[in-house]
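Novice: First, the structure itself, so that you have it in front of you.
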Amino acid sequence: MALVKAEKIVKVYKIGEVLINSINGVSFEIEEASFVSFVGPSGSGKTTLLNLIGCLDSPTEGNLFVAGEDVNELDRRQRALFRGKNIGFIFQDFNLIPVLTVYENVEYPLIMVKNVSTKEREERTMKLLDAVGMLEQKDKYPDQISGGQKQRVAVARALVTNPKLVLADEPTANLDHKTAYTVIELMKRMKAEFNTTFIFSTHDPKIVEAAEVIYTLEDGEIVDRHVKGVNSNGKSL
Amino acid sequence: MANLFKIAIRNLARYRRRTILTSSLIAIGVIFVLLFVGVSGSFKNMMIGQMTDSMLGHIQVHRKGYMASIDNLPLTMNMKPQAVKKLEKVFQDIPDVESYSPRIKFGGMLSTFTETTNIRLNGVYPEKEMKTLPLLASRISNGGKEIRKGEIIIPELLSRGMKINVGDIVVVIATNKDGSVNGKQLKVSGIIESVTGPGGRDGYVHIEDAMEILRMEEMEISEIAVRLRDFGKLHSVYNTLNTLLSGELNKQGKPAFEVHTWESLSPFYNIARSIDFMTIFIKAMLTAIVLISVMNVMIMAVYERIREIGTIAAIGTMPGKILSMFVTEGVLLGIIGAIAGNIIGTGLVYLLKVVKITFNFGRQSGLVLSPYVTLYDIVMISLIVTIVAVIGSLQPAFKASRMEPIKALRHV
Ligand SMILES: Nc1ncnc2c1ncn2[C@@H]1O[C@H](COP(=O)(O)OP(=O)(O)OP(=O)(O)O)[C@@H](O)[C@H]1O
Ligand SMILES: [Mg+2]
């Protein structure tokens, strides 16, 4: 079974009397260990869709399976547990915890979300810091490192719990182009190294190039599915 | 757990000025409570000490009904020797009783041959009375501090009003319980300072002189004052006495004795009570200070960190963990304030003790205030602060734990 399976999902926001259809019945499947991107203009529904896949929000209609779980069935607590277990998050604004050092930020999910033994915690944290090339900065605080470095730390934090899926909503929007590219390359490398599925959103066409599968969203609908090496709307990999 | 503390301490350090201000406020509250408790406690104890150790004793036992007509000092309500024997046996069996002193209380006339006035007298065994009232001797001024046979100690007011001095001869005249009058010449051996309260203006004679004046064939005792080894056991000894004496019935089948603690004998008990009440009041103020300041800071802390809360909630931190993160922070704030306040407060109380503040109480002047802080006070106050800090941070912490991650993440 696909890691993510969406069947005609709809997300409607209600502001007062006004209904806003952010997602208009989209269906797709994302395989394990893939590197997927959602692109589209502002307001097309990228964030909404990623929030749905990330179990931060639930669809108004349709079925959504993530890691074999019907996420519509989960309550608030179960969703928190599910996220902690299966999903890593990378944010546009890095969202590191300012009072914790680089090392402690990466370690955080292993302490506060999972309950991992001290020894294993140290090993995993060091391994990830090494993998993202932040080992030397490990005792610095977030305000002492650059944006690109922050996002590297965030990548390490997202991967430290060994999630099946990492979601990144516009992870490079706050980075200059060169740095953005290195962060995407890092994610790609991590995908290969840890066999983790990465789903990210962007509206930067150059960054998109790095993805293996590209979904284009417009007005809450998928208007294009592009697979690297296959023509537009190609059926298979 | 250690990590919760680490994060809480770092967050407190992040907003250092606010943390210092808030914990100072809490510390000041704690200092005030300690000072108040220390000073008022010592004042109260001194006051009670003056009452019990120079006049009342800790507990008094009378024949049932005596207290109701104590203003007349009725000789007919005295206790017979057998009754007194029973009581003495009971006192000797209670190890917490340090000493007791039987008294014959009576009213009469005091004459200087030129002038005559009313006087209330206690006939006592000098050693027993002095042992039961350790401060009595200090009230007997400019005179021999003993009460010997053939001598009388007269109240200060009479001495001044009638210009009686130590060494003068006076006559005490009293009506005995059969209605006949008798008198005896006595030498004034001392003047006794007055204290406010019942018996505070009484003179003293030897118990045998009292018997002689009253023409008693057998010794009939009006009251027995009791001193305890440990004042803290007042109520337990009172209860023991009551139980032991409840079996003693008079001819009508009613209890033969009545037992009173100093509390029901002195109007100062109400002052002592109001000091206790004020202590409760000032602790309530501390509670309010801690509650409001911790709550205020934690509401701000939650508000400032909405995006952080969104982040940790998104990556799967359970609501309970988020709640305990913020509660830990609020409690630490309280604990920092409590520790600082306890240290400074205890220091200040000690300082007050060292500088020896004196005050006057009733006719006693130059009493040295010796404020003190007990471990119990410190533990109680710290407990109040901690518990109130938990309560104060619960609401904001709960709010943080209930936040929807997407809403929190979108917050700017
Ligand atoms: N919480 C919400 N309440 C109401 N409307 C919302 C909410 N979140 C998103 N929307 C609306 O849903 C639509 C899709 O928004 P979304 O944020 O998913 O777009 P996006 O593709 O991520 O845009 P951007 O590139 O600007 O980040 C927009 O019209 C937006 O106004
Ligand atoms: Mg978006």
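Novice: So B:N3 passes all but one of these: (1) surrounded by fewer than 21 Cβ atoms within 10 Å (Cβ to Cβ); (2) more than 30 Å from B:I282 (Cα to Cα); (3) more than 14 Å from chain A (Cβ to nearest Cβ). Which condition number does it fail?
Specialist: Against the list (1) surrounded by fewer than 21 Cβ atoms within 10 Å (Cβ to Cβ); (2) more than 30 Å from B:I282 (Cα to Cα); (3) more than 14 Å from chain A (Cβ to nearest Cβ), B:N3 comes up short only on (3).
Novice: Hey, could you check the range A:170-201 for residues that are in a helix (DSSP H, G or I) and of a type in the set (S, T, N, Q) and say which is farthest from ligand 1 (Cβ to nearest atom)? Write out each step before concluding.
Specialist: Narrowing the range A:170-201 to residues in a helix (DSSP H, G or I): A:177-194.
This time we only want the ones that are of a type in the set (S, T, N, Q), so: A:179, A:182.
Details: A:T179: 20, A:T182: 22 Å.
Looking at the filtered set, the residue picked out is A:T182.
Novice: From the list A:V106, A:V99, A:V66, A:V71, exactly one residue is under 26 Å from A:T172 (Cα atoms), more than 10 Å from every other protein chain (Cβ to nearest Cβ), free of Cβ contacts under 8 Å to residues at least 60 places away in the same chain and away from ligand 1 (no atom under 16 Å from the Cβ). Which is it? If you could, list the steps in order and put the result at the bottom.
Specialist: On the way: A:V99 fails: more than 10 Å from every other protein chain (Cβ to nearest Cβ); A:V66 fails: free of Cβ contacts under 8 Å to residues at least 60 places away in the same chain; A:V71 fails: under 26 Å from A:T172 (Cα atoms).
From the options A:V106, A:V99, A:V66, A:V71, the qualifying one is A:V106.
Novice: How many residues are of a type in the set (S, T, Y), touching a residue at least 60 places away in the same chain (Cβ under 8 Å) and either in a loop (DSSP other than H, G, I, E, B) or open to solvent by 40 Å² or more (accessible area, probe 1.4 Å) (or both) when one looks only at the range B:110-152? Steps first, answer last, please.
Specialist: Keep residues of the range B:110-152 that are of a type in the set (S, T, Y), which gives B:111-112, B:114, B:116-117, B:125, B:132, B:138, B:141.
Now drop any that are not touching a residue at least 60 places away in the same chain (Cβ under 8 Å), which leaves B:111, B:125, B:132, B:138.
Then drop every residue that is not either in a loop (DSSP other than H, G, I, E, B) or open to solvent by 40 Å² or more (accessible area, probe 1.4 Å) (or both), which leaves B:125, B:138.
Residues that pass the stated criteria total 2.
Novice: Another question, if that's okay. Of the residues B:V61, B:V90, which is among the β-branched types (V, I, T), under 23 Å from B:T240 (Cβ atoms) and open to solvent by less than 10 Å² (accessible area, probe 1.4 Å)?
Specialist: Details: B:V90 fails: open to solvent by less than 10 Å² (accessible area, probe 1.4 Å).
Answer to the selection: B:V61.
Novice: Moving on to the next point. Strands (runs of 3 or more DSSP E) wholly in the range B:179-296 with at least 1 residues that are within 24 Å of the chain's Cα centre (by Cα) - which ones?
Specialist: Details: elements: B:181-192, B:203-206, B:223-228, B:257-261.
Of the strands (runs of 3 or more DSSP E) lying wholly inside the range B:179-296, those with at least 1 residues that are within 24 Å of the chain's Cα centre (by Cα) span B:223-228, B:257-261.
Novice: Looking for something closer than 26 Å to B:N296 by Cβ and either modelled with pLDDT of 85 or more or assigned to a helix (DSSP H, G or I) (or both) - is there at least one such residue anywhere in the range B:371-380?
Specialist: Of all residues in the range B:371-380, those closer than 26 Å to B:N296 by Cβ come to B:378, B:380.
Checking the rest, the ones that are also either modelled with pLDDT of 85 or more or assigned to a helix (DSSP H, G or I) (or both) come to B:378, B:380.
For the range B:371-380, residues closer than 26 Å to B:N296 by Cβ and either modelled with pLDDT of 85 or more or assigned to a helix (DSSP H, G or I) (or both): present.
Novice: Please go through the range A:1-36 and give me each residue that is hydroxyl-bearing (S, T, Y) and within 13 Å of ligand 2 (Cβ to nearest atom), ordered by number. Show your work before the answer.
Specialist: Let us first name the residues in the range A:1-36 that are hydroxyl-bearing (S, T, Y), namely A:13, A:22, A:27, A:34.
Residue satisfying the conditions is A:S22 alone.
Novice: Follow-up question, since we're still on this one. If we keep just the residues of the range A:169-213 that are within 16 Å of ligand 2 (Cβ to nearest atom) and of a type in the set (D, E), which is farthest from A:R152 (Cα to Cα)?
Specialist: Checking each candidate, the answer is A:D204.
Novice: Quick one: which helices (runs of 4 or more DSSP H) sit completely within the range A:33-119 and have at least 3 residues that are open to solvent by 30 Å² or more (accessible area, probe 1.4 Å)? Please lay out each step first, then the result.
Specialist: Details: elements: A:46-53, A:76-86, A:102-108.
Once the helices (runs of 4 or more DSSP H) in the range A:33-119 are filtered for at least 3 residues that are open to solvent by 30 Å² or more (accessible area, probe 1.4 Å), what remains is A:76-86.
Novice: In addition: Got a sec? Which of A:S42, A:S22 is within 16 Å of ligand 1 (Cβ to nearest atom) and out of contact with any strand residue (DSSP E or B) (no Cβ under 9 Å at 6 or more places or on another chain)? Even if it seems obvious, please write down each step before you answer.
Specialist: Values: A:S22 fails: out of contact with any strand residue (DSSP E or B) (no Cβ under 9 Å at 6 or more places or on another chain).
Answer to the check: A:S42.
Novice: Might you check whether a residue that is over 23 Å from A:D57 (Cα atoms), open to solvent by less than 30 Å² (accessible area, probe 1.4 Å), at pLDDT 95 or above and more than 14 Å from chain A (Cβ to nearest Cβ) occurs anywhere in the range B:297-314?
Specialist: Yes, because at least one residue in the range B:297-314 is over 23 Å from A:D57 (Cα atoms), open to solvent by less than 30 Å² (accessible area, probe 1.4 Å), at pLDDT 95 or above and more than 14 Å from chain A (Cβ to nearest Cβ).
The values are calculated or read from the model by the stated rules, or taken from the named source; none is laboratory data. What you see is a predicted model; the values in this text were computed from it and never measured. Don't worry about glycine lacking a Cβ; one is built from the backbone with ideal geometry, like all the others, and counts go over all protein chains shown. What goes into the accessible areas is simple: the full protein's heavy atoms, side chains included, and nothing from ligands, DNA or RNA. Shrake-Rupley method; radii C 1.70, N 1.55, O 1.52, S 1.80 Å.
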